[in-house]
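The values are calculated or read from the model by the stated rules, or taken from the named source; none is laboratory data. Here the structure is a predicted model, which means the values were calculated and not measured. Counting neighbours? That spans all protein chains shown, and the Cβs are built from the backbone with ideal geometry, glycine included. Just so you know, the surface numbers come from the protein's heavy atoms only, side chains and all, with ligands and any DNA or RNA stripped out. Shrake-Rupley method; radii C 1.70, N 1.55, O 1.52, S 1.80 Å.
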Amino acid sequence: MSLYLDAVFKKPVGRTPVWIMRQAGRYLPEYRKIREKYDFLTLCKTPEAATEVTLQPIRRYGFDAAILFSDILVVPEAMGMELIFHENSGPRLSPVIHKEQDLEQLSIKHVPDRLCYVAETIKLLRKELNADRTLIGFSGSPFTLATYMVEGKPTKNFKHIKKMLYSDSRLLDKLLDILTQAIIRYLKLQIEAGAEALQIFDTWGGILPPHYFEKYSAYYMQTIIKELSPFKIPITLFTRGGENLMPALLACQPQMIGVDWTIDMSRAKQQMGNRVALQGNLDPAILYGSREVIGREVDRILAVFGKESGHVFNLGHGIFPDIPPENVSFLVDRVREQSVKLKE
Ligand code: CP3
């Protein structure tokens, strides 16, 4: 067993496990070096290189979990859309889904074979990783992926997806159904290849009013979790914002819920801690702060759990690309030292 899995299943732990979202990425000089040779998508699709960048932060910091190096948007690509990552402005998916006929380009038939490079990467990683490090696979949530497929690019106001929801909700239902089926196939492929835990990134579910969140995001995540339950692989739901969303997230029956920094960890524990493990939730921007500030904020989160298990330390969202790598070292050391003291 690993510390990460022990914490997820609330078995006693000698210290709190730690990993960080986007731990493999541009803040690491060794990642930027590999990116000189490969564009981002080629890196995701080259199993040896994807394995190498997955392992970089494990070697440097000794994180307790490795997360597969890939992107949530490879699923819409495998369903038939064109995916391009622009160096400065991020991903583009085309042609966008705005009307019924636009669904015709999508198919779930080729999802597993078009994503076989992910299975290859996972198999390589399982060979390379020590047994005490957990390999986390992942997918976007149906609603989060739908957002990118309908908007075509990152957005601030979510105009097109909300327009679809409020003017043609049957079309959105259909899109979310297809996505749910694609994601189930994709996550089964990851489990069969050797993923030991899964995380569903529901980055944008929180833009919905809570009663719509239940119907358009949580419902589909619940379907995925139910379908995968025979595999007995722990699943984390990560979402942004919204204390309001807690009941709907719990109803999905994940093993762990990843919370962002807008929710006070002690409140999250009070409301959800007896039902699920919790992951999070340091504001990623705190890593710009002094050691004093980072240390104080880390201690504050760890104190919420004290001696108890059921917590995986993480940021409340992905690390920013310009965080000094030595601040991450300081963070990881602090989590280790402080949590050992608390668990004694
Ligand atoms: O966490 C990890 O280290 C694993 C790899 C991972 C990436 N993306 C690598 C990546 C994971 C789990 C993701 C998930 C992802 N991708 C999400 C959900 C989580 C979240 O952050 O909310 C979303 C919304 C995406 C879509 C995406 N990918 C965007 C909007 C962008 C552009 C913004 C940016 O940071 O550049 C990406 C690119 C991306 N995905 C990078 C990495 C390392 C940067 C690519 C580069 O090297 O230039």
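A few remarks follow.
- Distance in nm between pseudo-label sites at D132 and K341 (7 Å out along the Cβ direction from Cα): 2.2
- Note on A303 and S167: the extension gain reaches 44.3 nm, defined as 0.36 nm multiplied by sequence separation minus the Cα-Cα distance.
- Scanning the chain for long hydrophobic helices, with DSSP H runs required to stretch 24 angstrom or more by C-alpha along their axis and to average at least -1.0 on the Kyte-Doolittle scale, returns 169-193, 325-343.
- Members of K123/K232; K33/K127; K159/K215 lying beyond 22 Å, as alpha-carbon distances in this model show: K33/K127
- Sum of side-chain charges, S94 neighbourhood, beta-carbon under 15 Å (Lys, Arg +1; Asp, Glu -1): -2
- Across the chain, the relative contact order, built from alpha-carbon pairs under 8 Å that are at least six residues apart, equals 22 percent.
- Between C116 and F330, the simple label model (points 7 Å from Cα in the Cβ direction) yields a spacing of 4.8 nm.
- Inter-centroid distance (Cα atoms) of segment 101-161 relative to segment 1-28, Å: 22
- Among K232, K162, K123: highest mean-square fluctuation, GNM of the chain, C-alpha pairs under 10 Å: K232
- Legend: residues D64, D299, D322, D264, sorted from most to least accessible area (1.4 Å probe; ligands, DNA and RNA excluded), read D322, D264, D299, D64.
- At R0 = 41 Å, FRET efficiency that the Cβ-Cβ distance of F320 and Q101 yields, to 0.05: 0.55
- Length-normalised contact order of segment 143-209 in % [C-alpha pairs under 8 Å, at least 6 apart]: 44
- Computed lengthening from S266 to K188, 0.36 nm per intervening residue step minus Cα-Cα distance: 24.7 nm
- Every helix of 4 or more DSSP H residues in the chain counts as -39500 (n - 2.57), and over all residues that averages to -14000 deg cm²/dmol at 222 nm.
- For segment 155-264: rounded, prolate or oblate by the Cα gyration tensor [a/c cutoff 1.5]: oblate
- Separation between Cα centres of segment 66-84 and segment 254-324, rounded to whole Å: 27
- In this structure the amide hydrogen of N281, modeled in the peptide plane, comes within under 5 Å of the amide hydrogens of N314, none closer than 5 places in sequence on its chain.
- Projection of the Cα convex hull of segment 34-188, averaged over all directions and equal to a quarter of that hull's surface, yields 9.8 nm².
- The overall shape of the chain is prolate: from the C-alpha gyration tensor, with semi-axes ordered a ≥ b ≥ c, the ratio a/c is 1.5 or greater and a/b exceeds b/c.
- Of the trypsin sites (Lys or Arg not before Pro) found in segment 25-107, the ones in coil according to DSSP and having at most 10 other Cβ atoms within 10 Å of their Cβ are K99.
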